[in-house]
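The values are calculated or read from the model by the stated rules, or taken from the named source; none is laboratory data. Note that the coordinates shown come from a computational prediction; the quantities given were computed from them, not determined experimentally. Ideal geometry is used to build each Cβ from the backbone, glycine not excepted, and the neighbour counts take in all protein chains shown.
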């Protein structure tokens, strides 16, 4: 597919030959995610992009894994940064890295925010690693300034974030990156696209910030002309990861699982009145 931007052609791939690192180098604990989601996590962490799943394949679990990874200061992103600092010659003079400021966009209702917290709780995440929810009831901007300076993962509405950015409550230099859910809804005219455009343009002189987007509605990306290209342009990403049900890792996980699905059939007998209706309908059909 040709790109409508001035950049190089968009890379449409999910590397079938991708091999994860050794067990000790894994980014997430073994067994936390199905194998195909672990593969998706490692590839998306290595290079930003838009990750499109077939419906029901767990894009929300992948989002939760990234939230856990950036919020966990002991075994997540911060620990990796500390290991990299220790490898440098002047490691003793370098200050420990502070928690990253990662913002989650696209959680449009309270149900999705509660579902995210429920998943993290089921994984055993302590309360201090839980994302902070910033909605219309989150208080004044001066209160949010202190939260942003502390760092961590925040689930925030695009309306509040754009106001905070334009009023310098939070700057692009403070933000480590963005996690965007329901990415198929991001258009050039959307608030999310405006946020990403400001974020990347202001971040550029000081280094790049990451944008990782998730979508579980591939049909929505086929509507209109070059919809995928437009969405990726609005997200400022150049790589498209595809994870359909016929992907080898997904098929292997679903077909070769050690716990096959159990089908239970239940038969409900008719009530006397339902039986009378059935006999009446049968008699009417025979009469015709």
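For residue 261, the stated conditions hold: it is closer than 28 Å to residue 34 by Cβ and free of Cβ contacts under 8 Å to residues at least 24 places away in the same chain. Residue 172 meets the stated requirement of being out of contact with any strand residue (DSSP E or B) (no Cβ under 6 Å at 6 or more places or on another chain) and in contact (Cβ under 8 Å) with a residue 12 or more places away in the chain.
Is it the case, given these coordinates, that residue 17 is modelled with pLDDT of 90 or more and either out of contact with any helix residue (DSSP H, G or I) (no Cβ under 8 Å at 6 or more places or on another chain) or exposed (fewer than 13 other Cβ atoms within 10 Å of the Cβ) (or both)? Here the answer is no, as residue 17 does not meet what is asked. Of all residues in region 66-74, one or more are at pLDDT below 85 and not in a helix (DSSP H, G or I). One residue stands out among those in region 240-261 that are under 25 Å from residue 108 (Cα atoms) and surrounded by fewer than 18 Cβ atoms within 10 Å (Cβ to Cβ): the one that is farthest from the chain's Cα centre (by Cα), which is 244. Residues in region 145-154 that are in contact with a strand residue (DSSP E or B) (Cβ under 8 Å, 6 or more places away or on another chain) and without any contact (Cβ under 8 Å) to a residue 60 or more places away in the chain were compared, and the one that is surrounded by the most Cβ atoms within 10 Å (Cβ to Cβ) is 154. Taking the criterion of being at positive phi and at pLDDT 90 or above, the only residue of region 180-208 that qualifies is 182. Of all residues in region 118-134, those satisfying the criterion of being touching a residue at least 60 places away in the same chain (Cβ under 8 Å) and either more than 23 Å from residue 157 (Cβ to Cβ) or under 16 Å from the mean Cα position of the chain (by Cα) (or both) are 123, 131.
The numbered conditions (1) without any contact (Cβ under 8 Å) to a residue 60 or more places away in the chain; (2) under 24 Å from residue 218 (Cβ atoms) are all true for residue 192 except (1).
Within region 268-275, not a single residue is at pLDDT below 90, surrounded by 10 or more Cβ atoms within 10 Å (Cβ to Cβ), on the phi < 0 side of the Ramachandran plot and in a helix (DSSP H, G or I). So residue 144 clears everything in (1) at pLDDT 90 or above; (2) in contact with a helix residue (DSSP H, G or I) (Cβ under 7 Å, 6 or more places away or on another chain); (3) not in a strand (DSSP E or B) except one condition, right? Which one? Failed condition: (1). Screening the candidates 237, 211, 170 for the property of being closer than 21 Å to residue 39 by Cα, part of a loop (DSSP other than H, G, I, E, B) and at pLDDT 90 or above yields one hit, 237.
Checking each residue in region 173-199 for being in a helix (DSSP H, G or I) and farther than 18 Å from residue 100 by Cβ picks out 183, 184, 185, 191, 192, 193, 194, 197, 198.
Each residue in region 180-201 was checked for being buried (at least 18 other Cβ atoms within 10 Å of the Cβ) and over 20 Å from residue 227 (Cα atoms), and 1 of them qualify.
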